[in-house]
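Engineer: This is the structure I have questions about; it appears just below.
What follows draws every value from the coordinates through simple rules; no lab data is involved. It should be emphasised that the depicted structure is a prediction, and the values quoted were computed from it without experimental measurement. We place every Cβ from the backbone using ideal geometry, glycine too, and count neighbours over all the protein chains shown.
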Amino acid sequence: MKTRTPRYLENSLQAVFFMCAAISAVTTVAVIGILAVETWGFLQQISLVEFLFGTRWSPLLHPKSYGLLPLLAGTTLIVVGASLVALPVGLASAIFLSEYASERTRNILKPVLEVLAGIPTVVYGFFALTFVTPLLRIVLPDTHVFNAASAAIVVGIMVLPMVASLCDDAFRAVPDNLREGAYSLGATSFEVTTRIVVPAGLSGVFAAFVLAISRAIGETMAVTLAAGATPNLTMNPLESIQTMTAYIVQVSLGDTPAGTLTYQTLFAVASVLFLVTLCLNIAANIIMKRFQEVYE
C-alpha cells in the first residue's frame, strides 16, 4: 500500500526551497544596493562625465585622475582577443564533435577538452607569462613583458571549453529527422551542417557566445598576471594594459583605507562591470528569443 507524504513534511520542504530561492534574491539585492550606495558617494565628488569619458586613470598616484576609458579599453582588448580565439575554434570543435566524430572519438575528445575548464586561472596567468609571451616576443620583438595579447590568448583558451560544450549540446538537440530529410534531398554533409544544423541551433550558439564573452569580461587572475597593471588608453595588444577586474584586485589588496574616494572607485568600477554584463545578458536573451527554434 502506497503511503502519502505527511503534510508537515511537504510544508517543511516547501519552506526550505523558498528560503533557498530567497537567499539568492536577497544576495543579489544586497550586492546591487552596496554597489549603488558606494557608487553614488563616488559620483558626489567626481562627475559622471569625467568618470566615463576621461582618458587618464590614476586614482592611486598624484596627480589623481578618474577617467575610466583606459580600463574600458584594456577590458575591450581582452574580450575581443579572447573572442577571436574561443568563438571560431569552439564552434568548429562543436561541429566536429556533434556531426563528424565517431562515438569513440567523441568520448575521448570531449572530456579532454573540458579538462581545460578545470585548470585554475592563476595557472593560465603563469602559462601566459612563461610560455605565450616568450613566443610572441620571438615573432614580434616589440611585445612587452606584460601585454594584452598573451592575456587574451589564455583567456580564449579558458572559455573555449564552454563554447564547445554548449554549442555541441545545442547541435545534438536538433532532431535527426531534419538531417535525414536534407540527406534524402541530396545534400552533402557540409550543406547539412551549415544550412540545417547550425541555423537550427543558433539560439544555443548565441547563448554560448554570450556566456563566453561574459566570462572573458569578468576574468581576473590570468589577466592580472599576464596583462600587467598599466592603465593605458591603447588598442595595441602588444602593450601592457589594465582591465577593470585587475584594478579591483589592486584596490582590494587592503592598502587603501576604507571610506576614502580611492576606495569608492572600487565600487564605481564594479558597477560599470555589472552594468556591462547585465546589458550583455539582456541583449542575449532578446537575440535568443528571436532565433529560437521549437520542435515537436
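Engineer: Taking region 97-179 as the region of interest, what is the percent of Cα-Cα pairs per 5 angstrom bin, listed from the shortest bin to the one with the maximum distance?
Structural biologist: 3, 13, 19, 16, 13, 12, 11, 7, 4, 2, 1
Engineer: Based on the Cβ-Cβ distance of residue 140 and residue 56, what FRET efficiency does E = 1/(1 + (r/R0)^6) give at R0 = 30 Å, to the nearest 0.05? Write out the running numbers ahead of the final one.
Structural biologist: Details: r = 27 Å, r/R0 = 0.90.
After rounding to 0.05, the efficiency reads 0.65.
Engineer: Can you compute the FRET efficiency between residue 114 and residue 14 using 1/(1 + (r/R0)^6), with r the Cβ-Cβ distance and R0 = 45 Å? Round to the nearest 0.05. Mind dumping the intermediate values first?
Structural biologist: Numbers: r = 36 Å, r/R0 = 0.79.
Calculated value: 0.80.
Engineer: Along the Cα-to-C-beta direction of residue 80, a point sits 7 Å from the Cα; which residues of region 201-220 have their amide N less than 19 Å from that point?
Structural biologist: 210, 212-219
Engineer: Further, regarding this structure: Under the Karplus relation 6.51 cos²θ - 1.76 cosθ + 1.60, θ = phi - 60°, what is the ordered set of whole-Hz ³J(HN,Hα) values for region 149-157, x standing for Gly and Pro?
Structural biologist: 5, 5, 5, 5, 5, 6, 5, x, 5
Engineer: Anyone know which of 182, 73, 216 comes out most mobile in the 10 Å Cα GNM of the chain?
Structural biologist: Ranking 182, 73, 216 by mean-square fluctuation puts 182 first.
Engineer: State the volume of the convex hull built on the alpha-carbon positions of the chain, expressed per residue in Å³ and rounded to an integer.
Structural biologist: Details: hull volume 64.6 nm³, N = 296.
Residue-normalised Cα hull volume stands at 218 Å³.
Engineer: Please determine, in degrees from 0 to 90 and to the nearest 10, the orientation of helix 7-43 with respect to the longest principal axis defined by the Cα atoms of the chain, where the helix direction is its Cα long axis.
Structural biologist: So the helix axis and the longest Cα principal axis differ by about 40 degrees.
Engineer: Given only helices, namely DSSP H runs of n ≥ 4 each adding -39500 (n - 2.57), what is the per-residue ellipticity at 222 nm of the chain, to the nearest 500 deg cm²/dmol?
Structural biologist: Estimated from H runs of four or more residues: -22000 deg cm²/dmol.
Engineer: In addition: What percent does the relative contact order of region 69-291 come to when contacts are Cα pairs within less than 8 Å and at least six residues apart? Show your work: numbers first, answer last.
Structural biologist: Working: 318 pairs, mean separation 69.4, N = 223.
Reported relative contact order: 31 percent.
Engineer: Arrange the following residues from fewest to most other Cβ atoms within 10 Å of their Cβ: 110, 289, 64. Mind showing how you got there, number by number?
Structural biologist: On the way: 110 18, 289 9, 64 14.
By the 10 Å Cβ count, ascending: 289, 64, 110.
Engineer: Would you mind checking which residues have amide H under 5 Å from residue 58's amide H? H placed 1.01 Å from N; only 5 or more apart, or other chain.
Structural biologist: Amide H to amide H, under 5 Å and 5 or more residues apart or across chains, residue 58 pairs with 65, 66, 67.
Engineer: Based on other C-beta atoms within 10 Å, arrange 106, 195, 290 from fewest to most. Mind dumping the intermediate values first?
Structural biologist: Values: 106 16, 195 13, 290 10.
If I rank by nearby Cβ atoms, fewest first, I get 290, 195, 106.
Engineer: When a footprinting reagent is the concern and you count Cβ atoms within 10 Å, what order do 235, 158, 19, 221 take, fewest first?
Structural biologist: Numbers: 235 13, 158 22, 19 10, 221 17.
Fewest-to-most Cβ neighbours within 10 Å comes out as 19, 235, 221, 158.
Engineer: To continue, here is another question. Quick one: grab the alpha carbon gyration tensor of region 63-130, order the square roots of its eigenvalues as a ≥ b ≥ c, and give me rounded if a/c is under 1.5, else prolate or oblate depending on whether a/b is larger than b/c.
Structural biologist: Details: a/c = 4.72, a/b = 2.25, b/c = 2.10.
Verdict is prolate for region 63-130.
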